[in-house]
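Mind having a look at this structure? Questions to follow.
The values are calculated or read from the model by the stated rules, or taken from the named source; none is laboratory data. Just so you know, these numbers come straight off a predicted model, no measurement behind them. A quick note on method: Cβ atoms are made from the backbone with ideal geometry, for glycine too, and the neighbour counts reach across all protein chains shown.
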Amino acid sequence: MERARAAVVFAALTLGAGCSRASQGTAGADTRPEGQALGEVMAQVGRRFELVGRAGVAGRYELADFEVGELSELFEDDVPRASLPKEGPTAHIPGMAEAFLKIAVPDLRQAVAKKDQAALAEAFQRTATLCNGCHRASAKGFIEVPTVPGRGVPALDPAPTAP
């Protein structure tokens, strides 16, 4: 049931983000003041998300909550000002980032507040699914966020070999 809900939420966000940004053109037409490159900001996001998961697995919920707060700040302050990649589709990124801030951050925060590893694992999985969907939509699907808390971000496990 949760997986189905997450899939529906992701599909709605993807479609809504793409449609709401379609009239604004591509990254070259973006008039936001630029900050760091989005990739640099996403490296920070990945590190913070990894720490949320590792802290949750260790039962260090105060640290996990702190890291969720840091994620929130990155998506409030840095992601909107980041310069978008020059390669691959980018029109959906602002909408997806906004959705992350409105949906994933509160979901993680609520799970951490419960001090329940199962609840955190579910919220972590939903959040990673959102991340991975955005990466795929950006032609960066090779940047895979693990859906299990406690693992490194990005996933660096050996890629499966073809049979």
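Could you give me the residue pairs with C-beta distances under 6 Å whose first residue belongs to the stretch 112-129 and is more than 11 Å from residue 150 (Cα to Cα), whose second residue is modelled with pLDDT of 95 or more and outside any helix (DSSP H, G or I) wherever it lies, and which are 6+ apart or on separate chains?
Taking only residues 6 or more apart or on different chains, the pairs are 125/147; 128/145; 128/147.
Output the residues belonging to the stretch 62-95 that are more than 13 Å from the chain's Cα centre (by Cα) and among the small types (Gly, Ala, Ser).
64, 69, 82, 83, 88, 91
Quick grid of which residues meet (1) farther than 19 Å from residue 68 by Cα; (2) modelled with pLDDT of 95 or more; (3) in a loop (DSSP other than H, G, I, E, B); (4) not acidic (Asp, Glu):
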{"site": "14", "(1), (2), (3), (4)": "yes, no, no, yes"}
{"site": "18", "(1), (2), (3), (4)": "yes, no, no, yes"}
{"site": "21", "(1), (2), (3), (4)": "yes, no, no, yes"}
{"site": "25", "(1), (2), (3), (4)": "yes, no, yes, yes"}
{"site": "28", "(1), (2), (3), (4)": "yes, no, no, yes"}
{"site": "31", "(1), (2), (3), (4)": "yes, no, yes, yes"}
{"site": "45", "(1), (2), (3), (4)": "no, yes, no, yes"}
{"site": "48", "(1), (2), (3), (4)": "no, yes, no, yes"}
{"site": "52", "(1), (2), (3), (4)": "no, yes, no, yes"}
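I need every pair where a residue in the stretch 142-163 that is free of Cβ contacts under 8 Å to residues at least 40 places away in the same chain and on the phi > 0 side of the Ramachandran plot has its Cβ under 6 Å from the Cβ of a residue that is surrounded by fewer than 16 Cβ atoms within 10 Å (Cβ to Cβ) and part of a loop (DSSP other than H, G, I, E, B), sequence separation at least 6 or different chains.
No pair meets every condition.
Now for a separate question. When you go through 82, 97, 104, 111 one by one, which is the residue that is touching a strand residue (DSSP E or B) at 6+ places or on another chain (Cβ under 8 Å) and within 23 Å of residue 66 (Cβ to Cβ)?
Details: 97 fails: touching a strand residue (DSSP E or B) at 6+ places or on another chain (Cβ under 8 Å); 104 fails: touching a strand residue (DSSP E or B) at 6+ places or on another chain (Cβ under 8 Å); 111 fails: touching a strand residue (DSSP E or B) at 6+ places or on another chain (Cβ under 8 Å).
Going through 82, 97, 104, 111 in turn, the sole match is 82.
Restricting the search to the stretch 106-163, which residues are surrounded by 21 or more Cβ atoms within 10 Å (Cβ to Cβ) and more than 23 Å from residue 95 (Cα to Cα)?
Passing the criteria: 111, 112, 120, 149.
Here is a yes/no grid of residues against (1) modelled with pLDDT under 95; (2) hydrophobic (A, V, I, L, M, F, W, C); (3) more than 18 Å from residue 61 (Cα to Cα):
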residue	(1), (2), (3)
113	no, yes, no
118	no, yes, no
123	no, yes, no
127	no, no, no
131	no, yes, yes
136	no, no, yes
143	no, yes, yes
146	no, no, yes
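While we're looking at this one, here's another question. Residues that are in contact with a helix residue (DSSP H, G or I) (Cβ under 9 Å, 6 or more places away or on another chain), polar (S, T, N, Q) and over 28 Å from residue 115 (Cβ atoms): does the stretch 33-44 have at least one?
The answer is yes; a qualifying residue exists.
On the given criteria, is residue 66 in a helix (DSSP H, G or I) and buried (at least 17 other Cβ atoms within 10 Å of the Cβ)? Spell out how you get there, then give the answer.
On the way: in a helix (DSSP H, G or I): yes; buried (at least 17 other Cβ atoms within 10 Å of the Cβ): no.
Against the criterion (in a helix (DSSP H, G or I) and buried (at least 17 other Cβ atoms within 10 Å of the Cβ)), residue 66 does not qualify.
Another question, then. Looking at residue 71 and the list (1) farther than 22 Å from residue 147 by Cα; (2) buried (at least 18 other Cβ atoms within 10 Å of the Cβ), which single condition is not satisfied?
Failed condition: (1).
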